[in-house]
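See below for the structure under consideration.
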Amino acid sequence: MAPQYAPSLRSRLPLVAFLLETIFVLLFVFFVKIEQHEQIDRKYDSKLFIRSYAEFQDIHVMIFMGFGFLATFLVRYGFSGSGFNVLLAAMAIQWAVMMNGFLLPQRHYRREIHISMKSVIEAELCAASALVAMGAVHGKTNPVQLLLMALVEVTGFVINQWILRTLLHADPVYSIMLLHIFGALFGVMVSWVLHREGINPKHEKEKTDRNTGLFAMLGTLFLWMFWPSFNSALVYHRRERELKLTVIYGTYLSLAVSAVMAISVSMLTNSKGKMNMVHIQSSALSGGVAIGVAMTAVHTPWIAMTIGFFASLLSALGFRYMKDHMLFAFECHDTCGVINVHAIPGILGWFANLILRLASSESTIAMRLAVYHICVLLITVCMSLVMGTATGLFLKWSFWRPQQDRKCFDDQAFWEFPNLVVKK
């Protein structure tokens, strides 16, 4: 008799996808136009376009190949890891273009949203935040739940940026680089609400092997190589050229240090003195996360390297000791360890940014500056926790047909395998 898998999503996923795409097409018909060359300062902006397009390609590779390959680390969840990554990213980018155009300040023409390289890059960064959140519930949700989760996450993240820019007059680059903190905490809260007793202490299918580990390492390499473009893409103004170079160099040095530290700490904390590939795949990226939040305040190489050192140290230690304790103490299962890869390094970067700003400012404005940065973090954390909790409660509705506990982390719940078809 053929095994019974998750309830069929034939009446859910196509309907939701068709409905959302129809709505997006109609919104694009009435509100979105492509920026015309007549509206561009030809000589300077043509060069800017070429540079921006190269950075867009780098980020595009990160979103679809970097995150996609990295999500294939589970033995029986490779199809879903890479396939759902494409589905979520493609949908989130479309929605982020609309949300950024409606809420965030930009050049408007007769109440129309004009697409440019900058707006597409911003949309991909918003999609990256949704993919970070997806990592916390990786293998425990179906594609319909993931689609809805991504749309709500992008909405919450853009609203968070709007609040920071409107109320606190936050720098746009600073506000969008908080994507790591927002996405990770959002995903962790969704995972906490959707917690399954059937995966305690560890699901039998939640494991890796040599092949999936190799593919996931390929994703890490894509992310690691292109992360300088990820951090510097929005630093594009003529007078910010020196800052852009500083961000690129600082990100690279921070990533280099974090890669070395990830390997070292993984071996040091293993009782047999061996390295854990999962720890290295994720902790090697923590330096890029931390420096991304602090990058506008980092102007010397040694500071960037120090941030990468401590980010990787905390991330690797968190992977070794924190993940199991979170499941035991809070009943919160974080599949990809996004709390260690994105949230903790992101908060470390925020703290480094605060310290560096205070050190270079006058004592008369130090208190005001500290209050400002603390408010930025508190608003981001509160928004992510509240939105994540509400989203988890919404996705817990049985109408979305979640898979059974025993079918978590299993491609066969959603994908066709011709060699396993039972002939009648």
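The values are calculated or read from the model by the stated rules, or taken from the named source; none is laboratory data. The structure displayed is predicted, hence computed values, not measured ones. When we count neighbours, we look across all protein chains shown, and the Cβ atoms used for this are built from the backbone with ideal geometry, even at glycine. Please note that ligands, DNA and RNA were not included when accessible areas were found on the heavy atoms of the full protein model with its side chains. Shrake-Rupley method; radii C 1.70, N 1.55, O 1.52, S 1.80 Å.
With +1 on each Lys and Arg Cβ and -1 on each Asp and Glu Cβ, how big is the dipole of the chain about its Cα centre, in debye rounded to the nearest 20?
Details: 35 positive and 26 negative charges, 78 e Å.
Value, rounded to 20: 380 debye.
What is the sum of charges, Lys and Arg at +1 and Asp and Glu at -1, for the other residues whose Cβ falls under 15 Å from the Cβ of LEU179? Write out the running numbers ahead of the final one.
On the way: positive: ARG165; negative: GLU122, GLU124, GLU153, ASP171.
Around LEU179, the charge tally is -3.
Placing pseudo-labels 7 Å out from each Cα toward the beta carbon at SER361 and LEU167 gives an inter-label distance of 1.8 nm. Rolling a 1.4 Å probe across the protein heavy atoms gives the chain an accessible surface of 48 Å² per residue. Taking amide hydrogens as placed 1.01 Å from N in the peptide plane, the amide H of VAL32 sits under 5 Å from those of ILE113, each at least 5 positions away in sequence or on another chain. In the context of the full protein assembly, CYS332 retains an accessible surface of approximately 10 Å², using a probe radius of 1.4 Å and ignoring ligands and nucleic acids.
For TYR372 and PHE417, what does the FRET efficiency come to when R0 = 60 Å and r is the distance between their Cβ atoms, rounded to the nearest 0.05? E(calc), rounded to 0.05, equals 0.65. When the Cα gyration tensor is reduced to axis lengths a ≥ b ≥ c, the ratio a/c is 1.5 or higher for segment 118-234, and with a/b not above b/c it is classed as oblate. Rounded to the nearest 10 square angstrom, THR306 shows an accessible area of 50 square angstrom against a 1.4 Å probe. For VAL188, the accessible area of its heavy atoms, probed at 1.4 Å with every protein chain present, is near 10 square angstrom. Suppose we flag GluC sites (Glu not before Pro) only when DSSP calls them loop and at most 15 other Cβ atoms lie within 10 Å. Which is the longest uninterrupted stretch of the chain? Segment 1-203 is the longest.
Please list MET149, MET277, MET367 from largest to smallest accessible area, probe radius 1.4 Å, with all protein chains kept in place.
Output order, biggest surface exposure first: MET367, MET277, MET149.
Between their Cα atoms, which of LYS205/LYS272; LYS205/LYS274; LYS118/LYS396; LYS33/LYS244 are more than 31 Å away from each other? Please list the in-between numbers first.
On the way: LYS205/LYS272 24 Å; LYS205/LYS274 23 Å; LYS118/LYS396 36 Å; LYS33/LYS244 29 Å.
Beyond 31 Å: LYS118/LYS396.
Exposed loop sites, defined as chymotrypsin sites (Phe, Trp or Tyr not before Pro) outside DSSP H, G, I, E and B with at most 16 other Cβ atoms within 10 Å, are absent from the longest region of the chain, namely 6-396.
At 4 °C and 1.567 mPa s, grab the translational diffusion coefficient of segment 159-228 from Stokes-Einstein with a Kirkwood Rh over Cα pairs, rounded to a whole number in µm² per second. Approximately 82 µm²/s, per Stokes-Einstein. Under the shape rule built on the C-alpha gyration tensor, where the axes satisfy a ≥ b ≥ c, segment 62-173 is prolate, since a/c reaches at least 1.5 and a/b is greater than b/c. Tell me whether segment 244-346 comes out rounded, prolate or oblate; compute the Cα gyration tensor, take square roots of the eigenvalues as a ≥ b ≥ c, and use a/c under 1.5 as the rounded threshold. Oblate is the answer for segment 244-346, as a/c is 1.5 or above yet b/c matches or exceeds a/b. Placing a label point 7 Å from the Cα of LEU393 along the Cα-to-Cβ direction, the residues of segment 299-336 with a backbone N closer than 20 Å are 331-333.
For the residues ARG406, ARG165, ARG10, ARG76, a 1.4 Å probe over the protein chains yields an accessible-area ranking, largest first, of ARG10, ARG406, ARG76, ARG165.
Can you send over the carbon and sulfur percentage of the accessible area for segment 302-424, probe radius 1.4 Å, protein chains only? It is 71 percent, rounded to a whole number.
Ordering LYS274, LYS407 by accessible surface, largest first, gives LYS274, LYS407; the 1.4 Å probe counts only protein heavy atoms, with every chain in place.
Would you mind calculating the gained length between SER8 and CYS382 on full extension (0.36 nm times residue separation, minus the Cα-Cα distance), in nm to one decimal? Let's see the in-between values first.
Numbers: separation 374, 0.36 × 374 = 134.64 nm, distance 3.57 nm.
Full extension from SER8 to CYS382 adds 131.1 nm.
For segment 52-210, the fraction of 1.4 Å probe accessible surface lying on carbon and sulfur atoms is 64 percent.
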